[in-house]
1. Hey, Ile222 hits all of (1) more than 24 Å from the chain's Cα centre (by Cα); (2) open to solvent by 50 Å² or more (accessible area, probe 1.4 Å) but one; which does it fall short on?
2. Which members of region 75-111 meet the condition of being part of a helix (DSSP H, G or I) and surrounded by 20 or more Cβ atoms within 10 Å (Cβ to Cβ)?
3. Confirm whether Arg196 is open to solvent by 10 Å² or more (accessible area, probe 1.4 Å) and modelled with pLDDT under 95.
4. Find the residue count for region 227-265, including only residues that are of a type outside the set (S, T, N, Q), farther than 20 Å from Ile338 by Cβ and not in a helix (DSSP H, G or I).
5. Within the set of pairs 6+ apart or on separate chains, which have a first residue in region 419-434 that is over 13 Å from Gln248 (Cβ atoms), a second that is among the β-branched types (Val, Ile, Thr), and C-beta atoms under 8 Å apart?
6. Can you name every residue in region 326-336 that is part of a helix (DSSP H, G or I) and either closer than 11 Å to Pro258 by Cβ or among the hydroxyl-bearing types (Ser, Thr, Tyr) (or both)?
7. Out of Lys141, Lys146, report the one residue that is of a type in the set (D, E, K, R) and either touching a helix residue (DSSP H, G or I) at 6+ places or on another chain (Cβ under 6 Å) or assigned to a helix (DSSP H, G or I) (or both).
8. Being among the charged types (D, E, K, R) and over 22 Å from Leu305 (Cβ atoms) is the filter here, so list the residues in region 207-250 that pass it.
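The values are calculated or read from the model by the stated rules, or taken from the named source; none is laboratory data. Source: prediction; values computed, not measured. Don't worry about glycine lacking a Cβ; one is built from the backbone with ideal geometry, like all the others, and counts go over all protein chains shown. The protein model used for the area step is the full one, side chains on, heavy atoms only, and it has no ligands, DNA or RNA in it. Shrake-Rupley method; radii C 1.70, N 1.55, O 1.52, S 1.80 Å.
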Amino acid sequence: MDGINTQHRSRSIWMVACLLLIAVLLIGGCSPRRGAANPPTPSADEGNGTGETGANQGEAFPSSSEAPDTPETPTDPTAELLAQLSTEEKIGQLVLVGMEGTKPDDVTRSLIEEYRVGGFIFYKDNIQDTQQALELFNGLKAANAKQPVPLFLSVDEEGGRVSRMPGELTKLPTARKIGNTGSEELAGQMGGILGRELAGFGLNLDFAPVLDVNSNPDNPVIGDRAFGTKPEIVSRMGIAVMKGIREQGVIPVVKHFPGHGDTSVDSHLGLPVVEHDLTRLRKLELVPFKQAIQEGADVVMIAHLLMPKLDPEHPASFSKAVIDNLLRQELGYEGTIISDDMTMGAIVEHYDIADAAVQFIQAGGNIVLVGHDYEKEKQVIQALRDAVNSGKISVETLDERVYNVLKLKEKYALTNDSAPGPDTEQLNRDISNTLKPYGL
């Protein structure tokens, strides 16, 4: 009997303990746990005494009724800027123009204020000396200060015979001489010097390096501007220069896609015809460009070449087969595409410049380069406006092309701030010290 009574007592104690535990759990469940996922909305007493909740006071965390289940999507400043631009401002970003003279005038101000151009290219006749050049570039930035997007300020600064720098700066050797050394280190140092020269003036875009393979000894336009006659040396040297320029905060532009090396006509004067098919191009001309793209090329310039095996009707500079099918799709290039100067003989002697500009944008290009002639610059901008207004260039296409340009300007942190000017004496010492070991 004692054993039975003992079992009854044990069972009773166990049941009482269970009931007490359940009661404790129920009581505890009425109050929020510290650190709960969904804290309650503070009462009026816990607010500012006016009945406003913490959320209305700008608290760090929203109330449970307002708390999102997933993190907020990060904002895209480029998309926000794009959304603020007018159609005219967007179209202006698709055009980079030249100017006459050595200082801003009413025409250049009109290009900025009325046509909202995205940038300027400067030639030798725009630049007299260091002080004048600096005043010109800073003057254009000041004229653009009220515009929502900073300007591209660009030059063809390759070294050798293609140079726009003032005479106070030591002339750099040709690409061929750099290539002949076989030194990627030297090529990278030359790229760095090019970048420093431009950055000192506040220039931010350099149409260099040349990635053409100089496979035709009779080529009248490339020649010693190329690093060599083999795609391997052009790739190694050109990419080193590209990286050197980029490390100075200046945007390098690789050119002239898909390869201007095997031509016998100067595209400044006429339209070169290149009969190579894709098999040949993939083995030679495209090799440096493909490798540059893999190394993060920001901008590719398209050449004025007629390539009948790819497109018998349109030059590469406004050919969908070259720009979209070959460069965008086959090579997977997602960066910015700029045309060679549309005022060159290859275009104006054979095509309507306005039509060519529109077709370039339709084919997948981003920036039309119009290097000379105010009337032609206005003609191109008006043609783009008409194409957008008529739907020939859709709003979606316009936004896509402009977004790409704005993203590039954002990446390199372009501003309208004045530049201090280059340290010419130090640059000249560095050029001399860099070249001396190579006998250049």
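1. It is condition (2) that Ile222 fails.
2. Scanning region 75-111 gives Leu82, Lys90, Ile91, Gly92, Thr108, Leu111.
3. It is false that Arg196 is open to solvent by 10 Å² or more (accessible area, probe 1.4 Å) and modelled with pLDDT under 95.
4. Within region 227-265, residues that are of a type outside the set (S, T, N, Q), farther than 20 Å from Ile338 by Cβ and not in a helix (DSSP H, G or I) number 6.
5. If the second residue must be among the β-branched types (Val, Ile, Thr), the pairs left are Gly421/Thr130; Thr424/Thr130; Asn428/Thr170; Ile431/Thr170; Ile431/Ile193; Ser432/Thr170; Thr434/Ile193.
6. Answer for region 326-336, where residues must be part of a helix (DSSP H, G or I) and either closer than 11 Å to Pro258 by Cβ or among the hydroxyl-bearing types (Ser, Thr, Tyr) (or both): Leu326, Leu327, Glu330.
7. Of Lys141, Lys146, the one residue that is of a type in the set (D, E, K, R) and either touching a helix residue (DSSP H, G or I) at 6+ places or on another chain (Cβ under 6 Å) or assigned to a helix (DSSP H, G or I) (or both) is Lys141.
8. If the condition is that a residue be among the charged types (D, E, K, R) and over 22 Å from Leu305 (Cβ atoms), then Glu232, Arg236, Lys243, Arg246, Glu247 are the ones that fit.
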